[in-house]
Amino acid sequence: MAVFPNRERELRMRRGIILYIGGRFLQSLLVLWVIVTFLFFLFRLAPGSPLAAYIDTTFTAEQEAALMARFGLDKPVYMQYFIYVGNLMRGELGESFTSSGQSVLDVLLDDLPNTLYLTITSLFLAYFVGVIGGVVMAAQRGMRFEKIGITFTLMTRAAPQFWVGMILLYLFSYP
């Protein structure tokens, strides 16, 4: 018989929690690697050149080759993959194809404040409306208001979000 049975039970529980969290972390890394690898090869299989936005019809073959070398597209695909993964691990996202001369990280950071503003505002609004609506429907349990509220909620959750967004834009933004 153990002297401290609760202590041993607590240690077993902690070990189990640590193993669970560690396993989930490793699963997350595996999923992230699969997604990164899939996207890399998907873009390599896409028709056309990734440099179509840069290459002009007046470019010579030497200029196109220099541009391919600048972005590392002259190397074999396996080397491009390892360079790509290494750059991702260091946080170097490369140069934007659409915003010439600007890094992808700079483009993302420029839009981050507006994205956070919209996300936080919509989360607070959704929680506020959801809690108030839930309280009111709970107070009206079994009555017509609850049935209408549940029907509306299920319809908006079942419909595609882009369609619901267009309908809401039509209802609230046009005179």
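Here are some notes:
- Some residue of segment 92-113 being at pLDDT below 90, in a helix (DSSP H, G or I), more than 22 Å from the chain's Cα centre (by Cα) and more than 30 Å from Leu29 (Cβ to Cβ): no
- Of the criteria (1) modelled with pLDDT under 90; (2) under 20 Å from the mean Cα position of the chain (by Cα); (3) in the same structural domain as Thr37 (by TED's automatic domain parsing), which one Gly72 fails: (2)
- Qualifying residue in segment 102-117 (condition: surrounded by 10 or more Cβ atoms within 10 Å (Cβ to Cβ), farther than 29 Å from Phe38 by Cβ and outside the structural domain of Leu51 (by TED's automatic domain parsing)): yes
- Listing of helices (runs of 4 or more DSSP H) fully contained in segment 1-91 that carry 2 or more residues being among the small types (Gly, Ala, Ser) and surrounded by 10 or more Cβ atoms within 10 Å (Cβ to Cβ): 5-45, 61-70
- Number of the exception - Phe82 against (1) within 26 Å of the chain's Cα centre (by Cα); (2) closer than 18 Å to Val104 by Cβ: (2)
The values are calculated or read from the model by the stated rules, or taken from the named source; none is laboratory data. All values reported here derive from a predicted model rather than from experimental measurement. Note that each Cβ is placed from the backbone with ideal geometry, even for glycine, and that neighbours are counted across all protein chains shown.
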